[in-house]
Amino acid sequence: DASSDGTWTRLQAFAERAGGRGIEVRLQRNPANLGYVHNFEQGLQAAGGELLFPCDQDDAWHPRRIELCVKAFARDPGLLLLHTDARLVDAAGEPLGRRLFEVLGVTAGELTAMHAGRAAEVLLRRNIVTGATMALRRELLTQALPVAEGWVHDEWLAAVAALVGRVNTLEETTIDYRQHGGNQLGARKRSLGERADAGARRDYREAMAAKMCALAWRVDAGGLQPPDDARELLRERLRHDRVRTSLPRARWQRIAPVLGELRAGGYARFGTGLRGALLDLVGPPGGRDAG
């Protein structure tokens with residue numbers, strides 16, 4: 001991606017070594033930097049094969065990663081995207097004693113929903129799919145690309161796949177996910193201060209609302225063809241976002257819309273339940289606070 005360091009020289013050396021072992025490597029160099037999302041898009045479009053395994057990181061794959069994923073796709077012809085757990089390691093590859101799903105707080109209920117074919121319920125609430133652990137069918141690209149503005153490639157691919165087909169989770173760890181200062185995206189638990197930061201909560205809620213609008217626009221424009229139940233779920237998510245991003249500045253005026261949304265089940269389906277409702281009620285003046 002127009003790297004200015006020694007990346008290209010390293011890739012050329014790698015391609016030569018791999019070619020000596022019978023592995024085809026095609027190198028493509030961008031004349032200008034696209035950024036990681038658009039570069040990822042371009043790489044997917046250039047790749048061949050029915051099943052695609054992103055490898056845009058410095059992590060270490062476990063020996064059975066490809067085998068486990070290929071078997072999962074073979075068992076389920078309708079499966080569009082699969083993701084797995086990962087073992088977290090430091091920059092030197094030493095285990096940190098934690099797994100990715102643990103740090104993300106993936107719940108038993110979320111895993112049950114993913115296995116039961118209800119991935120949209122999980123992924124329209126929050127993303128639990130990490131691109132480094134992902135595998136997908138090539139056919140997904142025809143509907144998913146280009147990635148909508150404001151989305152990261154892995155969460156976008158997962159959300160689209162959940163709307164138009166099936167996404168599942170392998171609970172096995174299939175990679176060592178390296179954590180260091182150079183990560184574009186990493187896995188860490190938010191501090192208490194970060195979770196309590198009203199401004200950060202508001203920014204997050206507004207960013208999520210914008211993402212869902214972009215997803216809905218792609219559906220309305222005919223680029224995506226989800227079934228009726230998935231369309232309705234997305235409409236409900238948009239309605240929930242509209243309520244929470246348009247709350248009045250005065251706390252007392254928030255009571256009716258917050259209680260109404262709590263009764264409608266929006267906080268349970270798309271937020272953090274009662275906790276999110278309480279945060280919306282007591283958030284600082286300025287309105288449009290979210291939890």
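The values are calculated or read from the model by the stated rules, or taken from the named source; none is laboratory data. Here the structure is a predicted model, which means the values were calculated and not measured. We place every Cβ from the backbone using ideal geometry, glycine too, and count neighbours over all the protein chains shown. Just so you know, the surface numbers come from the protein's heavy atoms only, side chains and all, with ligands and any DNA or RNA stripped out. Shrake-Rupley method; radii C 1.70, N 1.55, O 1.52, S 1.80 Å.
I need every pair where a residue in the stretch 154-182 that is among the hydrophobic types (A, V, I, L, M, F, W, C) has its Cβ under 7 Å from the Cβ of a residue that is part of a helix (DSSP H, G or I) and surrounded by fewer than 19 Cβ atoms within 10 Å (Cβ to Cβ), sequence separation at least 6 or different chains.
What qualifies is Val160/Gln143; Val164/Gln143; Leu170/Leu68; Leu170/Ala72.
Say we look at the stretch 3-52 and pick out the residues that are in a helix (DSSP H, G or I) and small (Gly, Ala, Ser); which of these is most open to solvent (accessible area, probe 1.4 Å)?
The qualifying residue most open to solvent (accessible area, probe 1.4 Å) is Gly20.
When you look at Gly22, is it small (Gly, Ala, Ser) and either at pLDDT 95 or above or over 19 Å from Ile175 (Cβ atoms) (or both), yes or no?
On the way: small (Gly, Ala, Ser): yes; either at pLDDT 95 or above or over 19 Å from Ile175 (Cβ atoms) (or both): yes.
For Gly22, the condition - small (Gly, Ala, Ser) and either at pLDDT 95 or above or over 19 Å from Ile175 (Cβ atoms) (or both) - is met.
Can you go through Leu68, Leu80 and tell me which one is of a type in the set (A, V, I, L, M), part of a helix (DSSP H, G or I) and modelled with pLDDT of 95 or more?
It is Leu68.
Residue by residue, here is whether (1) of a type in the set (Ser, Thr, Tyr); (2) in contact (Cβ under 8 Å) with a residue 40 or more places away in the chain; (3) touching a Ser or Thr at 6+ places or on another chain (Cβ under 9 Å) holds:
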position: Asp56; (1), (2), (3): no, yes, no
position: Thr84; (1), (2), (3): yes, yes, yes
position: Gly93; (1), (2), (3): no, yes, no
position: Thr107; (1), (2), (3): yes, no, no
position: Glu110; (1), (2), (3): no, no, yes
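List the helices (runs of 4 or more DSSP H) that sit entirely inside the stretch 199-278 and contain at least 3 residues that are more than 24 Å from Gly109 (Cα to Cα) and within 24 Å of the chain's Cα centre (by Cα).
228-245
Being over 25 Å from Ala60 (Cα atoms) and either open to solvent by 10 Å² or more (accessible area, probe 1.4 Å) or modelled with pLDDT under 95 (or both): is that true of Arg99 here?
Numbers: over 25 Å from Ala60 (Cα atoms): no; either open to solvent by 10 Å² or more (accessible area, probe 1.4 Å) or modelled with pLDDT under 95 (or both): yes.
For Arg99, the condition - over 25 Å from Ala60 (Cα atoms) and either open to solvent by 10 Å² or more (accessible area, probe 1.4 Å) or modelled with pLDDT under 95 (or both) - is not met.
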